Amino acid sequence: MGPVLPAVHRRQVLGLLGAVAAARAVLPSSALAALAGTLRIGIKALPASLNPLTVNDLVARQILGSMYESLTSVDPEGRILPGLALSWEASDNARRWRLALRKGVLFHTGRPFTARDVKRSFEAALASEGANFAVLALSKVQGFRAMRERTATELSGVTVIDDHTLEVVCDEPCAIFPFARFNIVDGEAIAQAGPNWHREMSAGTGPYRLAGSAEGIRVDVEASPHWRGGAVPFERVSFLATGIGNDGIGLFNDSQIDFSFVDTDAMRAVIDDPGFKRALIACPRMQMRAVALDPRRVTAFGDIRVRRAMSMLIDRGAMAERFFRGVARVHNGVVPPALLSNERLEPLVYDPMGARALLAQAGYPDGRGIEPFTVHIVQEYRREFVYYVSQWNNSGIPAKLVVAPRQEFIARSRRRDYDAFLFGWTATYPDAMNFLDELFSSRSRFNPVGWANAEFDGIVESAMALSDPEQRADAYKRAERLVMADLPLIPLVVPDYVALRSNALSDNFITPFGGMNFA
C-alpha cells in the first residue's frame, strides 16, 4: 500500500454528485451527461498519485488497471495469458528472454505501440525515486544497479530487436520475469508532457483512458477509441472516494454508486443482511495476511517458542467461520494455496495449553517477562484484531492494540517502526515466487521483519532457473517450509474479497488479485 489522501466524507461525495456546476469546473462537458452508461465505483480513498510508472499500492493499481496493460495478463482463475506480449521464450537458464509483442496496438495518444516503449517504460520506472512494483520486478535485469545509482540512463540488459521483438538479459536466472506487472506507457508522449503528465492524461493501451479528476474525490475514465478489444461494457467509469467503514455501503444502498468492496469490519453485517443477498459477490484473495513481529524492538520475539505460542493462541477456524461468516480461508503457510498447495506444511493449530507450555519453556511463564508491546493496525481491522490481542492478553502476553492513521501506518510499517503490525501482501502475478522471493529473501526491500535464512535464499535462487513447473513447485514447497518452521511472522485468516455490485456487473467482476475486470 502507498500513501493516500484523507478519505472524503459521504456528504462530500453526495454533494459532488449533485453539484453539476462544481463538476463543470473540473471535468469536460461530456462528463456531465446522465449516469446512463457510467459505472460508479466506490473507493475508500483515492491514492495521492496515479503515476503508472511508480505505483506501489493496491488502490492505485485498481484504478490504473482500467488504463494500462502489462506484458502478460491474468484470467479470473489466475492463469497467465498474453498481454502486450504474445509469446515469450527463455534461454540460458532463464537469464535471457525474447518476447514477441503485439502488432497493431495503439496508445490512448493514438501513437503505435512498439518494443521501444517497453524499454522506455522500464527505464522511466527505474529513474523514479523509491521502491515500486516495477523496480522490484526489474531488479535482476542487467544494468539495473547502474540506473538506480544514476550512473546510466539506459537499461543495458534490454535490447530492441525490431518494432515488435524485445530481448531481456538478466544477471541471474529469473524464471518469472514476463509475469511481473509493468505498466507500459507511451514514452514519447510523456516526455513531451512533463513530470505531471499523469494528472492530465493517460498514455496506456488499456480499455479506458483518463477523462478528468477532482483531486482526492474522484477519477473519471472513458472508453478508449483505440482499444483493440472492441466495445467495452461502459462508456465511462467513475472512481469515487467514499471513506471507510459503512460509508460505501450506505452509498450503494442509496444507489449513489454501483460497486463497493466491503471492508473487513463490515463483512458480517453485510453478509447477515438479507437485503444485500442478491448484490453480494466474492472471490478468494491471492493474498497473505499476518502479524509482523520485530525482534529488534521486543526481545521475546526473537524466541521461536514465543512466536509459536502466539500463533497457537489464535483459533483460525473459528475466526473464518464466525467472524467472517465462512467467507474466508485458513492458510497453513505464507503462499495462497491456489498458487501452491503445500502438503508438507503442518496445520496452524489452536492449542492454548500447548502455547502456555511453550511460554514456560522459553522462560516466560504465563507471559511474565515479555516486554509490553503495541500492535499497530488501521481502523478497518480493529474488530478483528481485538480478538487476537485479547487472546494474547488472556495468556499473560502484554500486547496493546493501537489504531493508527492510514498514511502514518503505511509509512511507519514500511520503515519497520512498530513492535508488531498488520502486514498484508497481494500477488501481482500468479506465482509463489511473488510471496517467497519478494517477502522473505534477505535482500528484498519488502521483507517485513528483516528475516534472513541462507538455505532459503539458495533454494529461491535455484528455483529461478527451473523451467519445469513440477521442479519449481518442489523448490517452492521446501522454501515455504523453512519460513513456516521459523515463523518470522504469524499468518492470519484471509477473508475473501467481498463486494456489493449492481445488476449491471457480472459475478466475476472482481479478481483474486484485488483488481476489476473492465473489459
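Selection of segment 170-217 for residues being surrounded by fewer than 18 Cβ atoms within 10 Å (Cβ to Cβ) and either within 21 Å of the chain's Cα centre (by Cα) or part of a strand (DSSP E or B) (or both) yields G212, G216. Determine which single condition A465 fails, assuming it passes every other condition in (1) of a type in the set (G, A, S); (2) in a loop (DSSP other than H, G, I, E, B); (3) open to solvent by less than 50 Å² (accessible area, probe 1.4 Å); (4) under 30 Å from A279 (Cβ atoms). Here A465 clears every test but (4).
Tally time: how many residues in segment 323-354 are part of a strand (DSSP E or B) and among the polar types (S, T, N, Q)? Spell out the reasoning first.
Just the residues of segment 323-354 that are part of a strand (DSSP E or B), to begin with: 328-329.
When the remaining residues are screened for being among the polar types (S, T, N, Q), the result is none.
Counting residues in segment 323-354 that are part of a strand (DSSP E or B) and among the polar types (S, T, N, Q) gives 0.
Residues that are within 30 Å of R406 (Cα to Cα), at pLDDT 95 or above and out of contact with any helix residue (DSSP H, G or I) (no Cβ under 7 Å at 6 or more places or on another chain) do occur in segment 209-220. Against the list (1) hydrophobic (A, V, I, L, M, F, W, C); (2) more than 18 Å from the chain's Cα centre (by Cα); (3) over 16 Å from I41 (Cα atoms), the condition A290 fails is (2).
Is it true that some residue in segment 509-519 is modelled with pLDDT of 95 or more and open to solvent by 10 Å² or more (accessible area, probe 1.4 Å)? Walk me through how you get there before you give the answer.
Step one: list which residues in segment 509-519 are modelled with pLDDT of 95 or more, which gives none.
No.
A100 meets all of the listed conditions (1) outside any loop (DSSP other than H, G, I, E, B); (2) among the hydrophobic types (A, V, I, L, M, F, W, C); (3) closer than 27 Å to S444 by Cα but one, namely (3). On the basis of being farther than 30 Å from P207 by Cα, of a type in the set (D, E, K, R) and touching a Phe, Trp or Tyr at 6+ places or on another chain (Cβ under 8 Å), does D486 make the cut? Yes; evaluated as a whole, the condition is true for this residue. Inspection of segment 119-128 finds a residue satisfying the criterion of being in contact (Cβ under 8 Å) with a residue 60 or more places away in the chain, open to solvent by 10 Å² or more (accessible area, probe 1.4 Å) and not in a helix (DSSP H, G or I).
If the condition is being in a loop (DSSP other than H, G, I, E, B) and closer than 16 Å to A175 by Cβ, then segment 428-457 contributes T428, Y429, P430, D431, A432, S441. Scan segment 468-492 for residues that are in contact with a Gly (Cβ under 6 Å, 6 or more places away or on another chain) and open to solvent by less than 20 Å² (accessible area, probe 1.4 Å) and the total you get is 1. Of all residue pairs spaced 6 or more apart or on separate chains, those with beta-carbon atoms under 7 Å, a first member in segment 310-332 that is farther than 12 Å from D496 by Cα and a second member that is among the aliphatic types (A, V, I, L, M) and assigned to a helix (DSSP H, G or I) are M312/A355; L313/A355. State whether the residues of segment 423-433 include one that is modelled with pLDDT of 95 or more and touching a strand residue (DSSP E or B) at 6+ places or on another chain (Cβ under 7 Å). Yes, there is a match, as at least one residue in segment 423-433 is modelled with pLDDT of 95 or more and touching a strand residue (DSSP E or B) at 6+ places or on another chain (Cβ under 7 Å). Filtering A320, A357 for residues that are open to solvent by less than 50 Å² (accessible area, probe 1.4 Å), under 28 Å from L436 (Cβ atoms) and part of a helix (DSSP H, G or I) leaves a single hit, A320. Among the residues of segment 399-426, those that are open to solvent by less than 40 Å² (accessible area, probe 1.4 Å) and in contact (Cβ under 8 Å) with a residue 40 or more places away in the chain comprise I410, S413, Y418, D419, A420, F421, L422, F423, W425, T426. Answer with yes or no whether S255 is within 27 Å of R278 (Cα to Cα) and modelled with pLDDT under 95. It is true that S255 is within 27 Å of R278 (Cα to Cα) and modelled with pLDDT under 95. Kindly provide the set of residues from segment 129-156 that are outside any loop (DSSP other than H, G, I, E, B) and closer than 23 Å to Y429 by Cα, ordered by number. Answer for segment 129-156, where residues must be outside any loop (DSSP other than H, G, I, E, B) and closer than 23 Å to Y429 by Cα: F133, A134, V135, L136, A137, V141, F144.
Picking from A292, A300, which residue would you name as being open to solvent by less than 20 Å² (accessible area, probe 1.4 Å), touching a Phe, Trp or Tyr at 6+ places or on another chain (Cβ under 7 Å) and either part of a helix (DSSP H, G or I) or among the basic types (K, R) (or both)? Break it down into steps so the answer makes sense when it comes.
Values: A292 fails: either part of a helix (DSSP H, G or I) or among the basic types (K, R) (or both).
Among A292, A300, only A300 is open to solvent by less than 20 Å² (accessible area, probe 1.4 Å), touching a Phe, Trp or Tyr at 6+ places or on another chain (Cβ under 7 Å) and either part of a helix (DSSP H, G or I) or among the basic types (K, R) (or both).
Anything in segment 267-280 that is open to solvent by 10 Å² or more (accessible area, probe 1.4 Å) and either among the hydroxyl-bearing types (S, T, Y) or outside any loop (DSSP other than H, G, I, E, B) (or both)? List them, or say none.
Step one: of segment 267-280, the residues open to solvent by 10 Å² or more (accessible area, probe 1.4 Å) are 268-269, 271-280.
Once the filter is applied, which keeps residues that are open to solvent by 10 Å² or more (accessible area, probe 1.4 Å) and either among the hydroxyl-bearing types (S, T, Y) or outside any loop (DSSP other than H, G, I, E, B) (or both), segment 267-280 yields R268, A269, I271, D272, P274, G275, F276, K277, R278, A279, L280.
Would you confirm whether any residue within segment 90-99 is closer than 13 Å to I184 by Cβ and touching a helix residue (DSSP H, G or I) at 6+ places or on another chain (Cβ under 6 Å)?
Checking segment 90-99: not a single residue is closer than 13 Å to I184 by Cβ and touching a helix residue (DSSP H, G or I) at 6+ places or on another chain (Cβ under 6 Å).
Within segment 164-177, residues that are closer than 20 Å to I80 by Cα reach partners that are among the hydroxyl-bearing types (S, T, Y) and open to solvent by less than 10 Å² (accessible area, probe 1.4 Å) with beta carbons closer than 7 Å, at six or more positions or on different chains, in the pairs I176/Y429.
Looking at segment 493-513, is at least one residue outside any strand (DSSP E or B), in contact with a Gly (Cβ under 7 Å, 6 or more places away or on another chain) and closer than 21 Å to Q287 by Cα? Checked segment 493-513: at least one residue is outside any strand (DSSP E or B), in contact with a Gly (Cβ under 7 Å, 6 or more places away or on another chain) and closer than 21 Å to Q287 by Cα.
The values are calculated or read from the model by the stated rules, or taken from the named source; none is laboratory data. Remember, it's a predicted structure, so these values are computed and weren't measured experimentally. Every residue, glycine as well, gets a Cβ built from its backbone with ideal geometry; the counts of neighbours run over all protein chains shown. Side chains are part of the model used for accessible areas, which takes the heavy atoms of the whole protein and leaves out ligands, DNA and RNA. Shrake-Rupley method; radii C 1.70, N 1.55, O 1.52, S 1.80 Å.
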